[in-house]
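Engineer: Here it is, the structure, as structure tokens.
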Amino acid sequence: MPRRTRRSRFTLYISRFTPWRIGSLPLAVLAGVAFFGYALATWLPKPPPKPDATWTRILDTGEFRVGIDPSFPPFESDNAQGELFGFDIALANELTREWTQATGTPVRVEYVYSGFDGLYDALQNGQFDAIISALPYDPKKTQDVLFSHAYFDSGPVIVVRAGDATTKTYYDLMGKRIGVELGSAGDAFARRWQRRLKFDLHPFASPADALRALQLRQVDATLTDLIAFNEFARANGDVQTVGAPLTHELIVIAVRKDAPTLLGYINAALNAFKRDGRLEQLQREWF
């Protein structure tokens, strides 16, 4: 009993001269070590992530394999002699030129043909590295693939006859005759606004029919996408677009979920193309 009393008095004596309790010292040391580790992990620069296997293979082989359905001009077409041309073809070639310059490793495009409905499955099976084929952004597919930044907006636009200065926005469609392709995005937009703007809606079997009705003055404006507009305008030349797309139908590039490095290089190149005007130049060339 006296010995237990002496130990208790010694503990009280020591506590007067140190802020730490002897029993809590190990816990304090552990807390300090934990804080130091947290500081290292938070404040010190992190090492760059390891490149994914797809990007590593592209640099090792110099081949960027692109899946396309070459039946959708002006995005991609085959001239029946094995030669591809179109907006997506020019974009893919520009991507590899950008990467060759950035990495110092020559990279070229190898195109792999696929039906459009089978592009996603072929990508997942490793038949190619990316889909560049007028691919619309699909939020339902984000669990399966990674999508790039948008490089084109194929949403419907207002088309009027050349020289029409009365139509600047869709509010100016009030009371007019509007042509649309039945079931299209332009048709859906028009039906949402028909009651409010009180215009006369004329559905047609195809965008070409709607544009032809515009040319013949059977309607005052047509809501259609830029692809149909450009195809018609090349042959006729007496129509013009007004304003920005009425709704957004974004065209993107898809890669597998295990290819984040490749996606990063795609997005970096697309951002560079937007900044320096190369993307706009390609659009003017093909649309």
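Engineer: Select, from 180, 145, the only residue that is within 23 Å of residue 232 (Cβ to Cβ) and hydrophobic (A, V, I, L, M, F, W, C).
Structural biologist: Numbers: 145 fails: within 23 Å of residue 232 (Cβ to Cβ).
Selected residue: 180, the only one of 180, 145 that is within 23 Å of residue 232 (Cβ to Cβ) and hydrophobic (A, V, I, L, M, F, W, C).
Engineer: How many residues, within region 242-267, are among the β-branched types (Val, Ile, Thr) and at pLDDT below 95?
Structural biologist: Total meeting the criteria: 2.
Engineer: When you go through 263, 226 one by one, which is the residue that is crowded, with 19+ Cβ neighbours inside 10 Å and assigned by TED's automatic domain parsing to the domain that holds residue 76?
Structural biologist: The unique qualifying residue is 263.
Engineer: I would also like to ask the following. Residue pairs, Cβ under 7 Å, 6 or more apart or interchain, first in region 78-100 and charged (D, E, K, R), second surrounded by 15 or more Cβ atoms within 10 Å (Cβ to Cβ) and in a loop (DSSP other than H, G, I, E, B). List them.
Structural biologist: From region 78-100, the pairs are 78/70; 88/75.
Engineer: Same structure, new question: Find all pairs meeting these conditions: Cβ atoms under 6 angstrom apart; at least six residues apart or on different chains; first residue within region 273-287 and over 20 Å from residue 101 (Cα atoms); second residue at pLDDT 95 or above and in a helix (DSSP H, G or I).
Structural biologist: Every condition considered, the pairs that remain are 286/87.
Engineer: Among the residues of region 251-258, are any assigned by TED's automatic domain parsing to the domain that holds residue 145 and surrounded by fewer than 19 Cβ atoms within 10 Å (Cβ to Cβ)?
Structural biologist: Yes: region 251-258 contains one or more residues that are assigned by TED's automatic domain parsing to the domain that holds residue 145 and surrounded by fewer than 19 Cβ atoms within 10 Å (Cβ to Cβ).
Engineer: Identify, by number, the condition in (1) touching a Phe, Trp or Tyr at 6+ places or on another chain (Cβ under 6 Å); (2) buried (at least 21 other Cβ atoms within 10 Å of the Cβ); (3) not in a helix (DSSP H, G or I) that residue 211 doesn't meet.
Structural biologist: Checking residue 211 against (1) touching a Phe, Trp or Tyr at 6+ places or on another chain (Cβ under 6 Å); (2) buried (at least 21 other Cβ atoms within 10 Å of the Cβ); (3) not in a helix (DSSP H, G or I), the one that fails is (3).
Engineer: Does residue 230 satisfy being closer than 30 Å to residue 103 by Cα, assigned to a helix (DSSP H, G or I) and of a type outside the set (Lys, Arg)? Lay out the reasoning, then the answer.
Structural biologist: On the way: closer than 30 Å to residue 103 by Cα: no; assigned to a helix (DSSP H, G or I): yes; of a type outside the set (Lys, Arg): yes.
No.
Engineer: Further question on the same structure: Would it be correct to say that residue 165 is among the small types (Gly, Ala, Ser) and either out of contact with any strand residue (DSSP E or B) (no Cβ under 9 Å at 6 or more places or on another chain) or part of a helix (DSSP H, G or I) (or both)?
Structural biologist: Details: among the small types (Gly, Ala, Ser): yes; either out of contact with any strand residue (DSSP E or B) (no Cβ under 9 Å at 6 or more places or on another chain) or part of a helix (DSSP H, G or I) (or both): yes.
Judged against the criteria, residue 165 is a match.
The values are calculated or read from the model by the stated rules, or taken from the named source; none is laboratory data. The shown structure was predicted, so the numbers you read here are calculated from the model rather than taken from an experiment. Using ideal geometry, Cβ is built from the backbone for each residue, glycine included, and neighbour counts are taken over all protein chains shown.
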